[in-house]
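Working notes, beginning with the structure itself.
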Amino acid sequence: MIGVKAAFERHGIFIFLGGLFLFSSILSPAFLTAQNLKNILTPAAALGMVSIGQTFVILTGRGGLDLSVASVMASTAVMIAGLTQGKDELLFPVICICLTFGIFVGLVNGALVTKRGIQPFIATLGIMIIIQGLRFLYTRGAPKGTYPALLRFLGTGSVGPIPTSIISLAVATMIAWIVLEKTIYGRKVYAVGGNINTAALSGYNTDGILISIYAISGFMAALSGIFLAGWLGVSDNWIGKGYEVDSIAAVVMGGTSFAGGRGGVLGSMAGVFILMIIYNLLLLLHLPHQAQLIIKGAIIILAVSFYARRSPH
Amino acid sequence: MQKMFFAVVITLCGIFVSANVGAQGSEWARGTLWDPHPTKMVDTSKYKKNPPYTIGFSNSDLSNVWTVFMQRQAQAEAEKHPNLIKRIFVTDAQGKSDKQINDIEDLYTKGMDILLTRANTEAALDPIITRLYKQGLPVITISKGVKSENYTCFVASSNVTMGRMQVVWLAQMLKGKGNIVVLAGWAGAGSTEERRIGGYEALSQYPGIKVLDRQHTQYSYSKGKEIMQAMIQSFGKQIEGVWCDSGIQAAGAIEALQAAGIKVPITGDPTNSFLKRVQQWGYPGFAPGYPVTMGGDAVKLALKILQGVPVPHTFNAERLLFATHNTADVKTDRPWKDAAQMDKPDDWFPDHTLSEKWLPK
């Protein structure tokens, strides 16, 4: 019996995802078609990538989260359009600039949290606002340039029947999973999240680890912005709006606890797909926007309560 | 020789139009000229004073391209009158009502002769504007007014007209028969609601037009694309027309339509992202403007007020129409290919009248 219960606790999110998938297929005939699944999966890459970074940050516990991700995504999008001016040959160097920018933002977030002891919520909120200001300064409200064709391929193209963005998300997830589960660094991340004092006593450079985690989140946010821009094709000051909240919801639904030290990227991916499926299904059912918001909120709560570990006290 | 001269003139005109398709030279907006009601003119003799004037311009935000262009239209117009206007102070409230109230207080302390403002919200800015107006300061509100009638002049562009025209064009393109989908803006926003009212009025006259689905896109490119994709999944080739109430979601929607190979008439507004995609992929499209030139109009009206010339209580700004195809009641003002500026960014409004110097760079 304990085996079943434990399995349920461990894999609840995947059971929920499977159930939702089945339910959606029955409820809407348009759901289970190759094109619709592609429609769900392609933009899922962007939310997935930002959620990988968010998973690392939330794993650190003690209120760890990154609110600056959406601002990084939008900044990446306007930088790509502005700096490449639509030229394919400039795409690679500009992507490098964007990723470096993401890492830099993460390093600042991490430094504020560790060296100044600022709550992650406030630190990343402040940085989010600052980046937004810098972006408006850069675009003066009117983003310039266009996207290179190569970027559109990253966002909307396919290799055989599989969208490039999904291949990229699968690779990113695999790397993140290996880092967290199979490397010493991953063990340190869990140790810092589990109990930072114990980790410090064990001789880990906890500040260094925390800062590197925020840098990973910034990097993944920049990467996510690149894919979202490629998918969308329009240079806009507000690309990625709402992704900070959606990524946190996906990660927490996926079983990564705000208490820290527990969870992982596979659960987060299940959370991402749940969010994408709900949104798609509600559209296919032609429900009005107001009902969509209510149902989305209810399902997030339901999903978490469905398999939440009962705490002993 | 004469022929050549004309050819040169025509080419130059062409270059001029393609660089700048705004309503230059027009004195009377059609909305005002054709208004069947007597215009409620405001007596401004009590505001008459000697130049030079100081103008205060409190903008609610600069977070999107429309307000950037609108503000620049105001600044560019002010620059044209160096003998009349000493200064134009411009403030940006960054989308915060409390900051805008402070901005206006500051402008008042600095000593402005007239206040131009785009209110962040109708309710929050009403008390301060009412107070200053009652103290004798002339006030012009632009695009978004305040709750009360306590202003001198409201420079407006009707959202109801915009929605009505979008539906009339779409219905006439479909010859009064067909299935359409609707991609609206913000659930609960004033502009979205007004465009819906105008559009549904017109829709009631076309019983052969059936609305398959209506969704809100929050004026977001990505939501426009995602929602259009889902609608295509549900209805596929049944979709014969798309009514978007703005160009933003229309640009996202057209990406999805093009990927699915569905070429149907689609409406939006003259946001360059929409104009460019319609031009590039050869869609039937319609884009009634929501004029950025309202900024310049406000400065022109400010000069009238300060010189004691009467002004209308509501000034309906000139709206340009862009259509790939003319219908019985909706005719384009400029060829679509001149409006769609392929070398300009997606976020851009070609219906401006700005000189090179004032364009966002």
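For the reader, a short list of remarks on this structure follows.
- Residue match in region B:334-343 (condition: surrounded by fewer than 22 Cβ atoms within 10 Å (Cβ to Cβ), assigned to a loop (DSSP other than H, G, I, E, B) and more than 14 Å from chain A (Cβ to nearest Cβ)): yes
- Extreme residue, farthest from B:Y200 (Cα to Cα), among residues of region B:243-280 that are in a helix (DSSP H, G or I) and more than 12 Å from chain A (Cβ to nearest Cβ): B:Q279
- Of all residues in region A:255-273 being of a type in the set (G, A, S) and more than 21 Å from A:L223 (Cα to Cα), the one that is most open to solvent (accessible area, probe 1.4 Å): A:A259
- Within the option set B:I266, B:I254, B:I248, being modelled with pLDDT under 95, of a type in the set (A, V, I, L, M) and within 23 Å of the chain's Cα centre (by Cα) holds for one residue only, B:I248.
- Among the residues of region B:344-361, the one identified as more than 14 Å from every other protein chain (Cβ to nearest Cβ) and crowded, with 21+ Cβ neighbours inside 10 Å is B:D351.
- Tally of residues being out of contact with any Ser or Thr (no Cβ under 6 Å at 6 or more places or on another chain) and assigned to a helix (DSSP H, G or I) across region A:80-104: 17
- Every pair of residues 6+ apart whose Cβ atoms lie under 9 Å, when the first sits in region A:124-144 and is facing chain B (nearest Cβ under 10 Å) and within 18 Å of B:F69 (Cβ to Cβ) while the second is of a type in the set (A, V, I, L, M) and open to solvent by 30 Å² or more (accessible area, probe 1.4 Å): A:F136/B:L62; A:R140/B:L62; A:G141/B:L62
- Some residue of region A:67-79 being open to solvent by 30 Å² or more (accessible area, probe 1.4 Å), part of a helix (DSSP H, G or I), touching a helix residue (DSSP H, G or I) at 6+ places or on another chain (Cβ under 9 Å) and touching a residue at least 24 places away in the same chain (Cβ under 8 Å): yes
- Restricted to region B:314-333, and to residues there that are closer than 13 Å to B:F286 by Cβ and among the polar types (S, T, N, Q), the residue that is least open to solvent (accessible area, probe 1.4 Å) is B:T327.
- Scan region A:153-166 for residues that are loosely packed, with under 15 Cβ neighbours inside 10 Å and of a type in the set (V, I, T) and the total you get is 2.
- Qualifying residue in region B:216-227 (condition: buried (at least 22 other Cβ atoms within 10 Å of the Cβ), more than 14 Å from every other protein chain (Cβ to nearest Cβ) and of a type in the set (S, T, N, Q)): no
- Near pairs, Cβ below 6 angstrom, 6+ apart or cross-chain, from region A:210-224 (closer than 15 Å to A:T100 by Cβ) to any residue that is among the hydroxyl-bearing types (S, T, Y) and open to solvent by less than 10 Å² (accessible area, probe 1.4 Å): A:A222/A:T76
- Odd one out for B:G236, checked against (1) open to solvent by 30 Å² or more (accessible area, probe 1.4 Å); (2) more than 7 Å from every other protein chain (Cβ to nearest Cβ): (1)
- Odd one out for B:I209, checked against (1) open to solvent by less than 30 Å² (accessible area, probe 1.4 Å); (2) farther than 28 Å from B:E318 by Cβ; (3) within 11 Å of chain A (Cβ to nearest Cβ): (3)
Condition check ((1) within 14 Å of another protein chain (Cβ to nearest Cβ); (2) closer than 30 Å to A:I131 by Cβ) across all residues:
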| residue | (1), (2) |
| --- | --- |
| B:V42 | no, no |
| B:P82 | no, no |
| B:V90 | yes, yes |
| B:D98 | no, yes |
| B:N102 | no, yes |
| B:L115 | no, no |
| B:I128 | no, no |
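The values are calculated or read from the model by the stated rules, or taken from the named source; none is laboratory data. Owing to the predicted nature of the structure, the values given are computational and were not obtained by experimental measurement. Glycine gets a Cβ as well: all are built from the backbone with ideal geometry, and neighbour counts include every protein chain shown. Side chains included, ligands, DNA and RNA excluded: accessible areas come from the protein's heavy atoms. Shrake-Rupley method; radii C 1.70, N 1.55, O 1.52, S 1.80 Å.
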